[in-house]
Amino acid sequence: MRNFFFILFIMIGCSPKNSESSIKNIDSTIISDTINVIVDEVQEQTNEQVFFDKRINLDSILNEEYDYYLSSIEDSLLSIVGYNTLNIIDKIDFNKFYKSIEKYNFDNEVHQIDVFYLGTSFVKKYYNRHPDVMRTDLVCGMINNNTLINGNTIQIGMLKNDLLELVFQPTQTFDKVIQFNIYEDETGEAFTSYIFENDTLKNITFDSDYSWIEKGIK
């Protein structure tokens, strides 16, 4: 704002001194344009000041007794709750897998499991018909092939810090992490694991509490 008053002062000082009011002789268009320039500059500076990083401050939540993400780090395993922070499941291209079916006898019923596989990568899905559920769940799986992931935001072989920085603000705490688990919700019934080796993403695994379903490929 000081720039505005300085410019206005110069403009007034250069106007005829014998006028009834120096300001009246200043072209209103020039004043308007000058004001607009200054306002834009002030707004830009204000935007820079109010900008803040919306990613999670990992150190902060880990130091809280109870935090929204139920975060923890133990033995190099970092865990948080909330698929909304980073959900790779939506990026899986199931059309690129082969498909087979597994059948299980459980609770006096035969249940069908859809198995998607390609090389050593696989995913198992199950439609839970329980009246309180009625949805398809990802039971388990492992992906180590980038062709099975749509987009390039998350890629096997990417640097650990690059992946963690999709969710968290940069911190030295990343150095401790070898595995990053994201739970679907606070029940802990399903989760995705990002497993690192030599500070790069080695594979992505999925697990759930469907204990009656074999978690590997038969």
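The values are calculated or read from the model by the stated rules, or taken from the named source; none is laboratory data. The structure displayed is predicted, hence computed values, not measured ones. Every residue, glycine as well, gets a Cβ built from its backbone with ideal geometry; the counts of neighbours run over all protein chains shown. Side chains are part of the model used for accessible areas, which takes the heavy atoms of the whole protein and leaves out ligands, DNA and RNA. Shrake-Rupley method; radii C 1.70, N 1.55, O 1.52, S 1.80 Å.
Assorted remarks:
- Screening Asn105 against (1) part of a strand (DSSP E or B); (2) closer than 21 Å to Glu189 by Cβ; (3) not β-branched (Val, Ile, Thr) leaves a single unmet condition, (2).
- Count - residues of the stretch 71-88 that are open to solvent by less than 40 Å² (accessible area, probe 1.4 Å) and either in a helix (DSSP H, G or I) or touching a His at 6+ places or on another chain (Cβ under 6 Å) (or both): 3
- Residues satisfying the stated conditions in the stretch 117-173, i.e. under 18 Å from Lys99 (Cα atoms), in a loop (DSSP other than H, G, I, E, B) and among the aliphatic types (A, V, I, L, M): none
- Considering (1) out of contact with any Gly (no Cβ under 9 Å at 6 or more places or on another chain); (2) closer than 30 Å to Gln169 by Cα, the lone condition that Ile92 does not fulfil carries the number (1).
- Residues within the stretch 89-113 that are crowded, with 17+ Cβ neighbours inside 10 Å and more than 20 Å from Ile154 (Cβ to Cβ), tallied: 2
- Residue satisfying all of: in the stretch 114-152; of a type in the set (Lys, Arg) and under 18 Å from Ile217 (Cβ atoms); least open to solvent (accessible area, probe 1.4 Å) among these: Lys124
- Criterion (without any contact (Cβ under 8 Å) to a residue 60 or more places away in the chain and over 30 Å from Leu58 (Cα atoms)) met by exactly one of Tyr210, Tyr127, Tyr117: Tyr127
- So Ile217, is it modelled with pLDDT under 95 and at negative phi: yes
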